[in-house]
Structure formats: structure tokens, C-alpha cells
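This report refers to the structure that appears directly beneath it.
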Amino acid sequence: MKLVKGAQSIAYDRAPYLISSASVVGKKEGAGPIGEMFDLVGESDLFGENTWEEAESTMQREACLLAMGKAHVSQNQVRYLFGGDLLRQGIATSMGVEKLQIPMFGLYGACSTSGEALALASMSVAAGYGEYILAVTSSHFGSAEKEFRFPLSYANQRPLSAHWTVTGSGAFLVGKKESHVRISGLTVGKIVDYGLKDSQNMGACMAPAACNTIWQNLQDFGRSPEDYSRIITGDLGYVGQSILFDLLLEKGYDIRGKHLDCGMTIFDQQTQDTHAGGSGCGCAATVLSAYILPKIERGEWERVLFVPTGALMSTVSYNEGASVPGIAHAIVLEHKA
């Protein structure tokens, strides 16, 4: 079977499997609607460390260890690790997985990094480059606020369009060993820039990229939204979701009955004061591990299009007046009986 599918996609003839996963989150996430589903909820968002950055690294390491432990796979059996976060030079990942001593590729796709990591891990397994490969991402509200906005002690006011960065990490073990979830294909996203410059409205910045990738996936695979049990975006939130619906309707696709957004799932907008919803590399990753994968494993959802979205900016770019482009990667996850 030809692996290359359409303009941007891959369809695996021997699909890699998502063998196990783990989710580690902070207190606010643990108090949310799906709080009981996470593997580990920290008693403190510092996770016993002295800084937010060290706490984020600890979450990554714990998520990796939990994912490997569930599959009874040791770190010596893992060939490669694809990991990323939101911080400069990817320090949360490099500091977090250092003790594991697994050969590592550091990634940056903003909040879409979980999709990028899963795509590369599945491609590597399918190509025969490893029996087991880890994909891990993380984010932390404290470290992200310090990096991109203001230190928490500044107590700045957040606009209603702003997202709340999820404190969490999700790790996934991808391999050849059969499980109830297989990665049957993927669509690699393009950078899409509509010229928006408001870094406090990331849903609007990312929605065009989500639209582009979802549309391309449907074109490449010759599918319609009805061919998926759910189409799940990562971090669009309430603002980005409505924009995505409008953009796809212009292209002739109505996904309103199929759509779910991780940033809208992890928090309760009415009681948790998170404005537009959750975001961050840990948002889509933890919701995938704790909420989405169990439904696929049980067969409640037969085929899911998982589309993490990212706003590609830095403190330098938006302070210099640059626009905030977006990117989204789509992973096709299917139930295997």
C-alpha cells in the first residue's frame, strides 16, 4: 500500500499502536470536569520543586515513567523520545528527561507539539527505527506566564479572549505491540497566518490552521466529517471554536455535531474563571491520555481525528509587532478490537 496520501497525509499499511499513555496535572486541572481521570494530580503546582520550570520538568519525567510502567517497558527498551514544551530552548523537556537517558529529539510546535511528537513517533515506528518510542509534551501556567506575559506576582488583568495555560504533561508510548488504539494515519499541517497580532486571543490565531488541516485531511483521505466519531481540536477554546465552524462551513463542511475541543473540556468555564478555555502543550496531551484514549479503547469512538493546534509566537516576535501564525497537525486514531 502506498503510504503517501494526498498532498499532506500518510496512511499506514501496518499501523503503529498507541500502547500506553499517562497524564500528570496540577491542582486546577484536577478540580476540573475530568479531574478524576488523570493519572496524577499534584498537591502543589510546584510538585516539590523550587521553580515553575523545575516543576514542569518533574511532570514530564513522571508522565514518561508512568506511561512506560503501564506497558511494563523499561527506559532501556525505548529507542527514541520526541518531546517539547513552550519554554526557551525546550528546557522543561531537556531537564525533565535527562535522567531517563533516552536518545531525544527536542520539538517546538507550540500547543500543537503533542500532535507533532505523535506524528514523528508513529513515522519512526512504521519505518522500523524502533520497537518503542516515547512522545511527551508539557506546559505550566506559572512558567508560561513568566515566559510570555507577566510574572504571577504582577497580578495583571486577563482579557476574556485569553486562554489559561494548562499545568500538565502527557506521555505516550508508541510501538509495534498491538493494543486497542492504532495510529492509522496523519496529516502534517502547514503554517497559516491570517495577520492577527493579538497574542491574548490565540483561539482566533489558531482556528485558520485547524480549518486548513482538517479540510486537507478530509481531502487527502476522501472522507467527510461523518467518517469520524469525533473531530477534536487542541486549544481553540470558545472563541476559536466558533471561528473554526464558520471557516469550515465556507468550505462546505459542518462539524458542529462532531467537534470537541480539549481546551473547553479540561476546565469548567463557569466555575473556574479560565475565560476562553485551556491551552498549552499539556492541554491536548493530558485530555488525549485521560479522556479521549479510554473512549477509543472501549470502542465508544471508532475513529477520531485528533488535531492539536499551536500559536507560533515568541516574546520577541509579538513585542516587535509580528503577527501570530498558527499550525495544526492531525492524527487519525482508530479502535482495534
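Values as computed for the structure displayed
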| quantity | calculated |
| --- | --- |
| Region 272-285, subset of a type outside the set (S, T, N, Q) and out of contact with any Ser or Thr (no Cβ under 8 Å at 6 or more places or on another chain), residue surrounded by the most Cβ atoms within 10 Å (Cβ to Cβ) | Gly277 |
| Selected residue [of a type outside the set (Gly, Ala, Ser), buried (at least 24 other Cβ atoms within 10 Å of the Cβ) and under 23 Å from Ser143 (Cβ atoms)] from Leu288, Leu305, Leu333, Leu312 | Leu288 |
| Region 301-337: number of residues that are among the acidic types (Asp, Glu) and either in contact (Cβ under 8 Å) with a residue 40 or more places away in the chain or closer than 15 Å to Gly84 by Cβ (or both) | 2 |
| Residues of region 2-18 satisfying the condition of being surrounded by 15 or more Cβ atoms within 10 Å (Cβ to Cβ) and in a strand (DSSP E or B) | Lys5, Ser9, Ile10, Ala11, Tyr17, Leu18 |
| Region 284-303, residues that are small (Gly, Ala, Ser) and farther than 27 Å from Ala110 by Cα | Gly299 |
| Selection count where residues are in contact with a Gly (Cβ under 8 Å, 6 or more places away or on another chain) and over 14 Å from Val78 (Cβ atoms), scope region 102-131 | 11 |
| Enumerated helices (runs of 4 or more DSSP H) restricted to region 19-123, each holding at least 2 residues that are under 27 Å from Val188 (Cα atoms) and either in contact with a Ser or Thr (Cβ under 6 Å, 6 or more places away or on another chain) or not aromatic (Phe, Trp, Tyr) (or both) | 52-70, 91-97 |
| Qualifying residue in region 41-49 (condition: within 18 Å of Phe267 (Cβ to Cβ), in contact with a helix residue (DSSP H, G or I) (Cβ under 7 Å, 6 or more places away or on another chain) and either among the small types (Gly, Ala, Ser) or modelled with pLDDT of 95 or more (or both)) | yes |
| Looking only at region 258-271, and only at residues there that are farther than 18 Å from Ile331 by Cα and in contact (Cβ under 8 Å) with a residue 24 or more places away in the chain, the one that is surrounded by the most Cβ atoms within 10 Å (Cβ to Cβ) | Ile266 |
| Test: residue in region 96-119 that is in contact with a Lys or Arg (Cβ under 6 Å, 6 or more places away or on another chain), modelled with pLDDT under 95, under 26 Å from Gly35 (Cβ atoms) and buried (at least 23 other Cβ atoms within 10 Å of the Cβ) | yes |
| Given (1) touching a residue at least 60 places away in the same chain (Cβ under 8 Å); (2) among the small types (Gly, Ala, Ser); (3) farther than 19 Å from Gly263 by Cα, index of the condition Ser289 fails | (3) |
| Scan of region 268-281 for residues that are in contact with a Gly (Cβ under 9 Å, 6 or more places away or on another chain) and either modelled with pLDDT of 95 or more or assigned to a loop (DSSP other than H, G, I, E, B) (or both), ordered by number | Asp268, Thr274, His275, Ala276, Gly277, Gly280 |
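The values are calculated or read from the model by the stated rules, or taken from the named source; none is laboratory data. Everything numeric here is computed off the predicted structure, so don't read it as measured data. Backbone-built Cβ (ideal geometry, glycine too); neighbour counts: all protein chains shown.
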